[in-house]
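See below for the structure under consideration.
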């Protein structure tokens, strides 16, 4: 009876060793530190402009065409516009969220040939100084870096 168990044990050990070798052989790959997946983010808007037009502020900017990795921006979802109030020359502005402009229903946005966009801020007061910045975002909700600052004084 002991003699019949020895071949079974030897077969089990052989099978186990071959199985472990198979796992080690098939578990190859490039060694190195793990790399996180790239977050695709729209390029920042760098030409935000503000102009006074009939006691309102007309903001305009170029619609970004690329992501920060150089790929084509195919999923632009909208823009987040912020207005800052400037209380003194050396003070930083107090930033307020002004509007979320959704590209799917652009009732607040006027776009010219999908190249340039405009927004009119009606909530400004005469004699005040404002500053604006804008972010673009894609359908995944990834925000671009902030734009250039566009200061303006309402006469």
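The values are calculated or read from the model by the stated rules, or taken from the named source; none is laboratory data. Please read all numbers here as calculations on a predicted model, not as lab measurements. With ideal geometry, Cβ positions are generated from the backbone for all residues, glycine too; neighbour counts draw on all protein chains shown.
Return the residues of the stretch 49-70 that are outside any strand (DSSP E or B) and touching a residue at least 24 places away in the same chain (Cβ under 8 Å); say none if nothing qualifies. Answer for the stretch 49-70, where residues must be outside any strand (DSSP E or B) and touching a residue at least 24 places away in the same chain (Cβ under 8 Å): 53, 55, 56, 63, 64, 68, 69. Residue 82 - would you say it is on the phi < 0 side of the Ramachandran plot, under 20 Å from the mean Cα position of the chain (by Cα) and either loosely packed, with under 12 Cβ neighbours inside 10 Å or at pLDDT below 90 (or both)? Taking the combined requirement at face value, the residue does not satisfy it. Within the stretch 80-105, count every residue that is within 9 Å of residue 131 (Cα to Cα) and either assigned to a strand (DSSP E or B) or touching a residue at least 40 places away in the same chain (Cβ under 8 Å) (or both). Count: 6.
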